1. I'd like to know if segment 253-275 contains one or more residues that are within 30 Å of Leu106 (Cβ to Cβ) and among the acidic types (Asp, Glu).
2. Against the definition (closer than 17 Å to Val274 by Cβ, touching a Pro at 6+ places or on another chain (Cβ under 6 Å), touching a residue at least 12 places away in the same chain (Cβ under 8 Å) and within 12 Å of the ligand (Cβ to nearest atom)), how does Gly303 come out, yes or no?
3. Considering only segment 252-266, state which residues are surrounded by fewer than 17 Cβ atoms within 10 Å (Cβ to Cβ) and either touching a residue at least 12 places away in the same chain (Cβ under 8 Å) or outside the structural domain of Arg292 (by TED's automatic domain parsing) (or both).
4. In segment 18-37, is there at least one residue being more than 27 Å from Leu448 (Cβ to Cβ) and modelled with pLDDT of 95 or more?
5. Could you pull out the residue among Ala372, Ala362, Ala406, Ala432 that is surrounded by 19 or more Cβ atoms within 10 Å (Cβ to Cβ) and either within 11 Å of the ligand (Cβ to nearest atom) or without any contact (Cβ under 8 Å) to a residue 40 or more places away in the chain (or both)?
6. Suppose we filter Trp142, Trp126 for residues that are assigned by TED's automatic domain parsing to the domain that holds Ala62, modelled with pLDDT under 95 and either among the aromatic types (Phe, Trp, Tyr) or within 16 Å of Arg77 (Cβ to Cβ) (or both); which single one remains?
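The values are calculated or read from the model by the stated rules, or taken from the named source; none is laboratory data. It should be emphasised that the depicted structure is a prediction, and the values quoted were computed from it without experimental measurement. Glycine also receives a Cβ, built like all others from the backbone with ideal geometry; neighbour counts cover every protein chain displayed.
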Amino acid sequence: RLEELQDSRTHGSTLVGPPRLRPPDAHDRPRRVAMLSVHTSPLHQPGTGDAGGMNVYIVELAQRLAAIGIEVEIFTRATSAALQPSVELAPGVLVRHVAAGPYEGLAKEDLPAQLCAFTHGVMQAWAGHRPGHYDLVHSHYWLSGHVGRLAAQRWGVPLVHAMHTMAKVKNASLAEGDTPEPAARVLGESQVVRAADRLIANTEKEAEELLRHYDADTARVAVVHPGVNLERFRPDARGVEAGRAAARSRLGLPQDAMIPLFVGRIQPLKAPDVLLRAVAELLAERPWLRERIVVPVVGGPSGSGLARPEGLQKLAACLGIADVVLFRPPVGQDRLADWYRAASVLVMPSYSESFGLVAVEAQACGTPVIAAEVGGLPVAVKDGLSGALVPGHDPRDYAAALSGFADDPARSTRMGEVAARHARSFGWDTAAATTADMYAAVLHERRLHRIS
Ligand code: UDP
């Protein structure tokens, strides 16, 4: 019905879209989505190696999609012979383990050579079903995008892709001594950008980067802010200050300490070294603070940080602050919530961050954040209200930001209360509903395309 033709600029989260006969609605939503996560499993512990925000993103999104009636099957590479071929993660969410290459000993950089084997495994799983088993493919990170391209084409369904990180953006702001992403990845990402029916960007800034660096088609870029699990990451029911005291006693931390916290994968890109240098600066100016500062670093080595797993410990020793830094291996998210609640402030001096879930999680627990002014962090942190944004990576600037919390401990509670309110706008239910609407828009376009 051509007379029903409308401009899709008014619909969904797509910035600009092609014409359609009627607006898409809930009936256009897929029944089942094949989600691809080749290089890291949603069942892995985030905070070390290749497991981080993307794993959390997939788990939370899949569960929320299933809760609104969209089944999700997540394909990931099997990394142990002991794994079952499929595991139910939650009602309506299945993780399928695909054998592709040796189980152990493969780095992410080795995986392009295993993509054929992985695609074969996905096709075999699909062959056991009736046609139309999957209505849509949603791939995460460029390696999965390549498998997604082929699967979507073979099944005649749309491909939705999320980059999570982009080689060109990463290479433009490398930490000193970090290894640049190879040209093969840049090329691979460009191919996926061209093949995808929709590209999901975490923020408007990431959408712009897709257009600027990868020449993405504006009509195919949709912005969906990731969420935070607000049931898990929340202030203590007794309030931010009482909650901090309770979390400190649960973790065996001193009640009166200044606690700047780092959480995340230990790699040059995340710049935990900047925090340690800033603490050394702070202590040089305020020697009295040494007796009452604790700097927890929660997470494990990852990326080029794997080459020097002891590098950060050595730096702490060189800076003469080994006695105040507390290294802790990655922990489950319920325990992590206590680390956030216990902290005076979370510090995230990253060189590049497509969003930075840790920043929102800490705020949701009532803890302010000092973050580098990069990537999605200016969206995650309200400068001057829920924390502070610092331009660049000079440790003296981070020391200056930290001194505000050291000199006025009540600032953590004041800003933490604002932070908790700010974080409430980032629920996963909203992210899942926006994603489901975007799926509907893409499927709707496909149907119209077939009609015309
Ligand atoms: N994380 C965790 N346990 C840890 C450290 C981190 O579960 O000990 C999780 C954290 O809750 C967050 C994710 O790892 O959801 C890191 O995401 P972020 O976007 O901050 O960084 P990425 O790893 O994607 O670069």
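1. Taking every residue of segment 253-275 in turn, at least one turns out to be within 30 Å of Leu106 (Cβ to Cβ) and among the acidic types (Asp, Glu).
2. no
3. Answer for segment 252-266, where residues must be surrounded by fewer than 17 Cβ atoms within 10 Å (Cβ to Cβ) and either touching a residue at least 12 places away in the same chain (Cβ under 8 Å) or outside the structural domain of Arg292 (by TED's automatic domain parsing) (or both): Pro254, Asp256.
4. Checking segment 18-37: at least one residue is more than 27 Å from Leu448 (Cβ to Cβ) and modelled with pLDDT of 95 or more.
5. Ala362
6. Result of the check over Trp142, Trp126: Trp126.
Residue-by-condition table, conditions (1) surrounded by 21 or more Cβ atoms within 10 Å (Cβ to Cβ); (2) more than 12 Å from the ligand (Cβ to nearest atom):
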site: Ile321; (1), (2): no, yes
site: Asp334; (1), (2): no, no
site: Ser344; (1), (2): yes, yes
site: Pro378; (1), (2): no, yes
site: Gly384; (1), (2): no, yes
site: Asp397; (1), (2): no, yes
site: Ala400; (1), (2): no, yes
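To keep it simple, each residue is scored yes or no on (1) in contact with a Lys or Arg (Cβ under 8 Å, 6 or more places away or on another chain); (2) within 16 Å of the ligand (Cβ to nearest atom); (3) touching a residue at least 12 places away in the same chain (Cβ under 8 Å); (4) among the aliphatic types (A, V, I, L, M).
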{"residue": "Val160", "(1), (2), (3), (4)": "yes, no, yes, yes"}
{"residue": "Ser173", "(1), (2), (3), (4)": "no, yes, yes, no"}
{"residue": "Glu176", "(1), (2), (3), (4)": "no, no, yes, no"}
{"residue": "Val186", "(1), (2), (3), (4)": "yes, no, yes, yes"}
{"residue": "Gln191", "(1), (2), (3), (4)": "yes, no, yes, no"}
{"residue": "Ala195", "(1), (2), (3), (4)": "yes, no, yes, yes"}
